[in-house]
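A.B. asks: Input: one structure, supplied below.
The values are calculated or read from the model by the stated rules, or taken from the named source; none is laboratory data. Treat the numbers as computed from the prediction; the structure is a model and nothing was measured. So basically every Cβ, Gly included, is an ideal-geometry build from the backbone, and we count neighbours across all protein chains shown.
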Amino acid sequence: MSGSLTGKLLIASRSLRDPNFFRAVVLIIRDGEDGALGLVINRPSGNKAAQALQKHLKLPHPEQAVFYGGPVEPTALFLIHDAGGEESWEVMEGVYVGTSPQAYQSVVQTAKTGKDVAYRVYVGCAGWAPDQLESELFRNDWYVQDATREIVLTADPYKLWQDMLASALAAHRLLRHIVPNPELN
């Protein structure tokens, strides 16, 4: 695949059985010559943001779940948010990723100004060596879809895979619409 996948979504195909990515939707946050990095955006954990960061700072909406971002770097914390700031990098329009304490502090400061800030905390990430992701795409393990802020920060991550898979399959359908009873056509 030519071009960067940064800011794109990978939707696991039905045939992808790796338990780390079974029914996963992954936001690619960095893609380059040295490989790709992403976050599984549809796997909330049982932990809350307040628990994960209790000794460090108080984020707005502390009752939010911490998400499982993937099997790589299982102790690393990632923050996806829409607050912007120099401490984070933009992966797509209006969506930023930060990993430093300053990025978390920036989200807190933005929220204190009264701006409504959407964010998600992730533990771990997904990583691919150079050409590894391209090989998985060639095997049709993943569908690639455009991401939006609304998808990445969805209120219902549990339904995300089904919705995104339906969208991906519709985009790759040979026939535009199959009716249940062709005699009625």
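A.B. asks: Output the residues belonging to the range 103-124 that are in contact with a Gly (Cβ under 8 Å, 6 or more places away or on another chain) and not small (Gly, Ala, Ser).
C.D. replies: Tyr104, Val107, Thr110, Tyr122, Val123, listed by residue number.
A.B. asks: Of everything in the range 125-147, what is over 12 Å from the mean Cα position of the chain (by Cα) and within 24 Å of Glu63 (Cβ to Cβ)? Give them in sequence order.
C.D. replies: None - no residue of the range 125-147 is over 12 Å from the mean Cα position of the chain (by Cα) and within 24 Å of Glu63 (Cβ to Cβ), so the list stays empty.
A.B. asks: Being in a strand (DSSP E or B) and more than 19 Å from Val25 (Cβ to Cβ) is the filter; apply it to the range 70-96 and report the residue that is modelled with the lowest pLDDT. Can you show your working first?
C.D. replies: Here is the first cut: in the range 70-96, the residues in a strand (DSSP E or B) are 72-81, 89-92, 95-96.
Narrowing the set further to residues that are more than 19 Å from Val25 (Cβ to Cβ) leaves 73-77, 89-90.
Values: Glu73: 92, Pro74: 89, Thr75: 86, Ala76: 89, Leu77: 89, Trp89: 92, Glu90: 93.
Applying the filter and picking the extreme gives Thr75.
A.B. asks: While we're looking at this one, here's another question. Name the residue that is surrounded by the most Cβ atoms within 10 Å (Cβ to Cβ), counting only residues in the range 101-124 that are outside any loop (DSSP other than H, G, I, E, B) and basic (Lys, Arg).
C.D. replies: Arg120
A.B. asks: Can you name the residue in the range 147-177 that is outside any helix (DSSP H, G or I) and over 24 Å from Ala65 (Cα atoms) and is also modelled with the highest pLDDT among such residues?
C.D. replies: Residue satisfying both the conditions and the ranking: His172.
A.B. asks: Does Ile11 qualify as being of a type in the set (A, V, I, L, M, F, W, C), on the phi < 0 side of the Ramachandran plot, surrounded by 17 or more Cβ atoms within 10 Å (Cβ to Cβ) and at pLDDT 95 or above?
C.D. replies: So Ile11 fits the description; yes.
A.B. asks: State which residue is surrounded by the fewest Cβ atoms within 10 Å (Cβ to Cβ) when the search covers only the range 82-100 and only residues that are touching a helix residue (DSSP H, G or I) at 6+ places or on another chain (Cβ under 7 Å) and hydrophobic (A, V, I, L, M, F, W, C).
C.D. replies: Val95
A.B. asks: From the list Leu59, Leu133, which residue is modelled with pLDDT of 90 or more and not polar (S, T, N, Q)?
C.D. replies: Leu133
A.B. asks: Oh, and also: Take the residues of the range 129-144 that are of a type in the set (A, V, I, L, M, F, W, C) and not in a loop (DSSP other than H, G, I, E, B): which is surrounded by the fewest Cβ atoms within 10 Å (Cβ to Cβ)?
C.D. replies: Phe138
A.B. asks: Follow-up. Take the conditions of a type in the set (Ser, Thr, Tyr), more than 14 Å from the chain's Cα centre (by Cα), at pLDDT below 90 and farther than 12 Å from Tyr122 by Cβ and apply them to Thr99. Does it pass?
C.D. replies: The answer is no for Thr99.
A.B. asks: Spot the failing condition for Ala118; the list is (1) farther than 25 Å from Ala168 by Cα; (2) more than 18 Å from the chain's Cα centre (by Cα), and only one is missed.
C.D. replies: The one condition Ala118 does not meet is (2).
A.B. asks: If I filter the range 102-120 down to residues being at pLDDT below 80 and hydrophobic (A, V, I, L, M, F, W, C), which single residue comes out as nearest to Phe67 (Cα to Cα)?
C.D. replies: Val108
A.B. asks: Does the range 1-45 hold any residues that are assigned to a loop (DSSP other than H, G, I, E, B), within 20 Å of Trp89 (Cα to Cα) and in contact (Cβ under 8 Å) with a residue 40 or more places away in the chain, and which are they? Spell out how you get there, then give the answer.
C.D. replies: Quick first cut of the range 1-45, residues assigned to a loop (DSSP other than H, G, I, E, B) only: 1-7, 13-24, 33-34, 41-43.
Now drop any that are not within 20 Å of Trp89 (Cα to Cα), which leaves 3-7, 33-34, 41.
Those that are assigned to a loop (DSSP other than H, G, I, E, B), within 20 Å of Trp89 (Cα to Cα) and in contact (Cβ under 8 Å) with a residue 40 or more places away in the chain: Leu5, Thr6, Gly7, Glu33, Asp34, Ile41.
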